[in-house]
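J.: First the structure, which I've put down as structure tokens, then a few questions once you've had a look.
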Amino acid sequence: MAEGTGRGESLSIWFFVGVMTLLYGLVLLPYGAWEWFGGHEANTVLHQLHPTFWWGLLLTLFGGFYTFRYKPRAGDAGRA
Amino acid sequence: MSALALVFTSQRLTHLSGIDVLILALYFAVVLFIGFYVKGSTNTSEEFFLAGREMSAWIAGLSFVSANLGSLELMGWAGSAYQYGILATHWYWVGAIPAMLFLGIVMMPFYYISKTHSVPGYLQLRFGEGSRGLAAISFGLMTILMSGVNMFAMAVVMQTVLGWNITFSIWIGAITVAVYVMMGGLRSAIINEVLQFVLIWAGAALIPILGLIEAGGWTNLKTQIAANVGSNDYTHLWATLGSFKGNPMGIHWTGIVFGLGMIISFGYWTTDFLVVQRVLSANNLRAAKMAPVIGAAFKMAVPLIVIVPGLLALAVLKNPDGSLMHLVPGDIAKATGQHAYDEVLPLMLIRYCGPGLLGLGITALVAGFMSGMAGNVSAFSTVWTYDIYGAYIKKNASDKHYVAMGRWSTVAGMLVSIATAYLVAHASSIMDYVQALFSFFIAPLFGTVILGMLWKRATRAGGFWGLLAGTASSIAMFIYVQTGGKAALARIALSPDAQPMAENMYRALWSWLVCVIVTVAVSMMTKPKTDEELQGLVYGATVIPDDGAMSVWQKPIFWAGVVAVVFIALNVIFF
């Protein structure tokens, strides 16, 4: 049974957590890379630490792990 | 251009770039998708109102703590940390952790094994229809009014930070929440609360991380705060609470320990149905006991993203000319054009977060507001359907009928919230009264529920009259302080040096005592129920079933002990 979304569903709540953070990571990581390597850093305090890139990487890893760990597998749907 | 003018106003702290809008749009798409996705598993009343009672301890626990992690609280307490220093942490530690552990270990077995659908439902089983009716009507009314206040507050934040039009924010938020709660009921609300919890951390955790790097660590931060405010008082949790005058909040440790720690927090965390409903969705007794313990562990970490940014602002927040920025109360800010205390979190967000990260932070705030609204409206629809409509208007209808009523009451509740939001927009003083109204019921309700669970002798009449007397005394004290000024405050809070913050603490304490004394007195004069009638509802008349823990690692009491040790250690470290 998919945890949290109801009997018979195949996508678990943790899968949604994973997908959402993975999507954000995949948006932030390339944008942070473009800022860093293209010299387009925003004028924020400590921008020289490239927070967008590193935070994007962290979210990608976290989201990727959860998405993979809780992805629907064959036979999940309908199993109560 | 004219359509854009309807959405944006000219004054704003910042603006969103394309990547920020993309991040915000992704959030809306995911939550709406979840609403439609879980609709198929939301056909019975148990599924719609209690998420099928199939949530694990982790989901119920995160949802439990997240239901209280609204953006208004985050921004308000960050502002309080700026205003009062680390004392604001008490609302997250002593004002939450003991009560959450008590709920999990002592009270949850009764809520859970009584199979009640709601807190008013428990009162009906224990004390009869009078107590249920009083609690249900007051809770339903207050919840829906509070939802409107939160809706308006969200719209004001969006206007201040992003320049969004108030009407635009209210309707976009309300429609989205109404759609996904109407589709998926409590299940939708819980999933979104778990998502919101992750989002809050993803969007806000960078502020304390980068802030502490900028300040040069915790020790340097304390030194800078002491130099900027001219006092060491802002970084001590307990050392300054020996007198009302010795701390920025104007409160005594007895108010914090007895008023906040023992009454207000126990009242809120153990009897407010908005949070208790999340734990009732647990899939077994052990999960129901573990969920508040897990919630407490995460709750202890929240000051990192709320209190620390407020403290950091005292040290690092600067004007464009490099001078230290001084935030002021909201009414002064309106007159002078300075920034208000409550803007400290957005100001710190803008300080460290450029495009992308800013969108993530704003999305976290929006998610906090929307899940707060969803929490209110889902709790309202449950109490309305079970404890008002099903109890007094249409008894014995089919399950399908009640589910339909739950869906429609969600929409109706949201419309009342919207009307409240517009009412508050035109008369802002109503906001203070609505927030005060909520505090009238919480402390006495805790008195009624705790006596009901722990004292077999408490009777039906005792429960009802105690609850009524406690609530009436709280309202009377509120009116007394509002009309009697500082002298009245000094009497209620036991000191001429007490500040308004202390009034809430002592009013809660006195109204709880009134409730307990009246309940005991009336109970002693009336006939108690037999042990058979109290089976499953009261200690001493109930055999608590085994929760199925096979080892010490699976025992909720063990993990509650671990959380308690960490809680004590944190209070000693920041004493």
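J.: Using +1 on the beta carbon of Lys and Arg, -1 on that of Asp and Glu, and nothing else charged, what's the dipole of the protein assembly as shown about the Cα centre, debye to 20?
T.: On the way: 34 positive and 29 negative charges, 235 e Å.
Value, rounded to 20: 1120 debye.
J.: At what distance in nm do the modelled label points of B:Gln554 and A:Leu57 sit from each other, each positioned 7 Å from its Cα along Cα→Cβ?
T.: Going by the 7 Å Cα→Cβ label model, 4.1 nm.
J.: Something else now. Taking R0 as 60 Å, what's the FRET efficiency between B:Val562 and B:Lys394 from their Cβ-Cβ distance, rounded to 0.05?
T.: With a Förster radius of 60 Å, E is 0.80.
J.: Hey, what do the phi angles of segment B:243-258 turn into as Karplus ³J(HN,Hα) couplings, whole Hz, using 6.51/-1.76/1.60 and θ = phi - 60°, x for Gly and Pro?
T.: In residue order, the calculated couplings are 9, 4, 7, x, 9, x, 8, x, 9, 9, 4, 5, x, 5, 6, 8 Hz.
J.: Next up: How much net charge surrounds B:Tyr392 when only the other residues with a Cβ under 13 Å from the Cβ of B:Tyr392 are counted, with Lys and Arg +1 and Asp and Glu -1? Walk me through the intermediate numbers first.
T.: On the way: positive: B:Arg132, B:Lys394, B:Lys395; negative: B:Glu129, B:Asp387.
With Lys, Arg at +1 and Asp, Glu at -1, the neighbours total +1.
J.: Then there is this: Once phi is turned into ³J(HN,Hα) by the Karplus curve 6.51 cos²θ - 1.76 cosθ + 1.60 with θ = phi - 60°, what whole-Hz value does each residue of segment B:12-20 show in order, with x for glycine and proline?
T.: After applying 6.51 cos²θ - 1.76 cosθ + 1.60, I find 7, 6, 7, 9, 8, 8, x, 5, 5 Hz.
J.: Check which residues have an amide H placed less than 5 Å from B:Trp164's amide H, if you skip close sequence neighbours.
T.: When sequence neighbours closer than 5 places are left aside, the close amide H contacts are B:Thr9, B:Gln159.
J.: Here is a follow-up. Largest first, please: the extent of the C-alpha atoms of segment A:13-69 along each principal axis, to the nearest Å.
T.: Largest to smallest, the principal-axis extents are 37, 18, 12 Å.
J.: To continue, here is another question. Between B:Glu532 and B:Glu129, how high is the FRET efficiency from 1/(1 + (r/R0)^6) when r is the Cβ-Cβ distance and R₀ = 25 Å? Nearest 0.05.
T.: Working: r = 20 Å, r/R0 = 0.80.
E(calc), rounded to 0.05, equals 0.80.
J.: Would you mind computing, in nm to one decimal, how far apart the modelled labels at B:Thr219 and B:Asn232 are, each placed 7 Å from Cα along Cα→Cβ?
T.: 1.5 nm
J.: Per 0.36 nm of contour for each residue apart, how much would the distance between B:Tyr433 and B:Phe574 grow if the chain were fully extended, relative to their Cα-Cα spacing? Kindly include the intermediate steps, with their values, before the conclusion.
T.: On the way: separation 141, 0.36 × 141 = 50.76 nm, distance 3.45 nm.
Net length gain for the segment: 47.3 nm.
J.: A follow-up question, please. What are the equivalent ellipsoid semi-axes of chain B, built from the alpha-carbon gyration tensor (square roots of five times its eigenvalues), in whole angstrom, biggest first? The partial results should precede the final answer.
T.: Details: eigenvalues 264, 169, 108 Å².
Sorted largest first and rounded, they come to 36, 29, 23 Å.
J.: So which lysines can B:Lys289 reach, going by Cα to Cα under 20 Å and dropping same-chain residues fewer than 8 places off?
T.: B:Lys115, B:Lys299, B:Lys555
J.: Only helical DSSP H runs with n ≥ 4 go in: add -39500 (n - 2.57) per run for the protein assembly as shown, normalise by residue count and round the 222 nm mean residue ellipticity to 500 deg cm²/dmol.
T.: Working: 27 runs with 441 residues, N = 655.
Rounded to the nearest 500, the figure is -22500 deg cm²/dmol.
J.: Rounded, prolate or oblate: which one fits segment B:186-304, using the alpha carbon gyration tensor with axes a ≥ b ≥ c (rounded when a/c is under 1.5, else prolate when a/b beats b/c, else oblate)?
T.: Details: a/c = 3.25, a/b = 1.47, b/c = 2.22.
It comes out oblate by the Cα gyration axes.
J.: Here's something else I'd like to know. I need the shape label for segment B:143-213. Rule: rounded when a/c is under 1.5, else prolate if a/b > b/c, else oblate, with a, b, c from the alpha carbon gyration tensor.
T.: Values: a/c = 2.46, a/b = 1.27, b/c = 1.94.
Verdict is oblate for segment B:143-213.
J.: Does the protein assembly as shown come out rounded, prolate or oblate by the C-alpha gyration tensor, with a ≥ b ≥ c the root eigenvalues, rounded set by a/c under 1.5 and, if not, prolate when a/b is larger than b/c and oblate if not? Numbers along the way, then the final one.
T.: Values: a/c = 1.57, a/b = 1.20, b/c = 1.31.
In terms of gyration-tensor shape, oblate.
J.: Then there is this: Test of understanding: ordering B:Ser131, B:Ser398, B:Ser511 by Cβ neighbours within 10 Å, fewest first, what list do you get?
T.: Numbers: B:Ser131 27, B:Ser398 9, B:Ser511 30.
The most exposed by this proxy come first: B:Ser398, B:Ser131, B:Ser511.
J.: Could you give the angle, 0 to 90 degrees to the nearest 10, between helix B:166-204's Cα long axis and the longest principal axis of the Cα atoms of chain B?
T.: Relative to chain B, helix B:166-204 is tipped by roughly 80 degrees.
J.: Give me the percent relative contact order of chain B, please, defined on Cα pairs under 8 angstrom at least 6 residues apart.
T.: Here the relative contact order equals 27 percent.
J.: 7 Å from Cα along Cα→Cβ at both A:Lys71 and A:His40: what's the point-to-point distance in nm?
T.: Reported label-point gap for A:Lys71 and A:His40 is 3.0 nm.
J.: What is the average number of partner chain Cβ atoms found within 10 Å of a Cβ in B:355-367? Don't skip to the end; give the middle numbers.
T.: Numbers: counts 8, 15, 9, 3, 4, 7, 0, 0, 2, 0, 0, 0, 1.
Per residue, the average neighbour count from other chains is 4.
J.: Treat the count of other C-beta atoms within 10 Å as a stand-in for reagent exposure and order B:Trp164, B:Trp512, B:Trp218 from fewest to most. Spell out each step's value before the answer.
T.: Working: B:Trp164 22, B:Trp512 28, B:Trp218 13.
Lowest count first: B:Trp218, B:Trp164, B:Trp512.
J.: Continuing with the same structure: Using 0.36 nm per residue of separation minus the Cα-Cα distance, give me the extension gain between B:Arg491 and B:Val106 in nm, one decimal. Numbers along the way, then the final one.
T.: Numbers: separation 385, 0.36 × 385 = 138.60 nm, distance 3.45 nm.
Contour length minus the Cα-Cα distance gives 135.1 nm.
J.: While we're looking at this one, here's another question. How big is the dipole moment of chain B about its Cα centre under a simple scheme where the beta carbon of each Lys and Arg is +1, that of each Asp and Glu is -1, and everything else is neutral? Debye, nearest 20, please. All intermediate terms of the calculation are to be shown ahead of the outcome.
T.: Details: 29 positive and 24 negative charges, 160 e Å.
That gives chain B a dipole magnitude of about 780 debye.
J.: Assuming R0 = 51 Å, what is the FRET efficiency of B:Thr44 and B:Leu454, from their Cβ-Cβ distance, to the nearest 0.05? Can you show the working numbers first?
T.: Details: r = 33 Å, r/R0 = 0.65.
For R0 = 51 Å, the calculated efficiency reads 0.95.
J.: How crowded by other chains is A:44-52, given as the mean number of beta carbons from other chains within 10 Å of each beta carbon? List each step's numbers first, then the result.
T.: Values: counts 10, 11, 8, 4, 0, 5, 0, 9, 9.
Mean partner shielding for this stretch: 6.
J.: Okay, next question. Cut-off under 23 Å on the C-alpha distance; same-chain residues fewer than 8 positions from B:Lys245 excluded. Which lysines are left, in chain and number order?
T.: B:Lys222, B:Lys486
J.: Using Cα positions and a limit of under 13 Å, work out the aspartates and glutamates in reach of B:Lys400, with same-chain residues fewer than 8 apart set aside.
T.: B:Glu46, B:Glu47
J.: What is the gain in length, in nm to one decimal, between B:His326 and B:Gln499 on full extension, counting 0.36 nm per residue of separation less the C-alpha to C-alpha distance?
T.: On the way: separation 173, 0.36 × 173 = 62.28 nm, distance 2.16 nm.
Computed gain between B:His326 and B:Gln499 is 60.1 nm.
J.: In addition: At a 10 Å Cβ-Cβ cut-off, how would you order B:Asp387, B:Asp546, B:Asp399, fewest neighbours first? Write down the numbers at each step before the final one.
T.: Working: B:Asp387 27, B:Asp546 8, B:Asp399 12.
With the sparsest Cβ surroundings first, the list reads B:Asp546, B:Asp399, B:Asp387.
Where a number appears in this text, it was derived from the coordinates with a stated rule and is not lab data. Values in this document were obtained by computation on a predicted structure and should not be read as measured data. Every residue, glycine among them, receives a Cβ derived from its backbone with ideal geometry; neighbour counts consider all protein chains shown.
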